[in-house]
Amino acid sequence: MALRNVRIDGDPVLRKISKEVTKFDEKLEVLAKDMIDTMYEEDGVGLAAPQIGILKRLVVIDVYDGKGAHVIVNPEIIYEEGEQFEIEGCLSVPNVTGSVRRPLIVKVKAQNLAGETFEMIGEGLMARALCHEIDHINGILFIDKIEDEEEIE
Ligand code: NI
């Protein structure tokens, strides 16, 4: 298990656009595994590669629905439906939460660690996590979208 340092808001790497993953090799697998370990260590529901300083379009998500961690490479939202307005937080923005408007359902096209294309549908928390993490690989933080900010502590 290898933990990586989570970059905090203010670090310019969080504002860069990540590059498409083109090499599906062992190095990518190790990176995904480290991201999952780091996400669990920090009690997050998701982590995007730029959050550990790697500008690749790679995200991991576990919404604790019993399905384990999803590794999602080069994700693209291809359909969205409905709306939800829920409180979010982010490992890169400690001690801040706020309500963000997101679609209720999203359909995402992505690749797995073998480079195979798949589609997944996320609803509720999973839809929110997908949108939040895809924002990260586009240099967007949830604080950019907060409508009712409330600081914790
Ligand atoms: Ni985040």
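The values are calculated or read from the model by the stated rules, or taken from the named source; none is laboratory data. All of these numbers come straight from a predicted model, not from anything done at the bench. Ideal geometry is used to build each Cβ from the backbone, glycine not excepted, and the neighbour counts take in all protein chains shown. Accessible surface areas use protein heavy atoms only, side chains included; no ligands, DNA or RNA. Shrake-Rupley method; radii C 1.70, N 1.55, O 1.52, S 1.80 Å.
Points to keep in mind about this one:
- Filter result for residue 76 (of a type in the set (Asp, Glu) and over 24 Å from residue 6 (Cα atoms)): no
- Residue 70 meets the conditions (1) over 17 Å from residue 44 (Cα atoms); (2) within 16 Å of the ligand (Cβ to nearest atom) in every case but one. The failed one is (1).
- Conditions (1) without any contact (Cβ under 8 Å) to a residue 60 or more places away in the chain; (2) within 16 Å of the ligand (Cβ to nearest atom); number of the one not met by residue 1: (2)
- Unique residue being away from the ligand (no atom under 16 Å from the Cβ), crowded, with 16+ Cβ neighbours inside 10 Å and either modelled with pLDDT under 95 or in a strand (DSSP E or B) (or both) when the list is 33, 107: 107
Matching residues to (1) within 15 Å of the ligand (Cβ to nearest atom); (2) open to solvent by 10 Å² or more (accessible area, probe 1.4 Å); (3) over 27 Å from residue 124 (Cβ atoms); (4) more than 15 Å from the chain's Cα centre (by Cα):
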site: 8; (1), (2), (3), (4): yes, yes, yes, no
site: 15; (1), (2), (3), (4): yes, yes, yes, no
site: 27; (1), (2), (3), (4): no, yes, yes, yes
site: 54; (1), (2), (3), (4): yes, yes, yes, no
site: 66; (1), (2), (3), (4): no, yes, no, yes
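- Selection status of residue 41, at pLDDT 95 or above, on the phi < 0 side of the Ramachandran plot, away from the ligand (no atom under 16 Å from the Cβ) and not polar (S, T, N, Q): no
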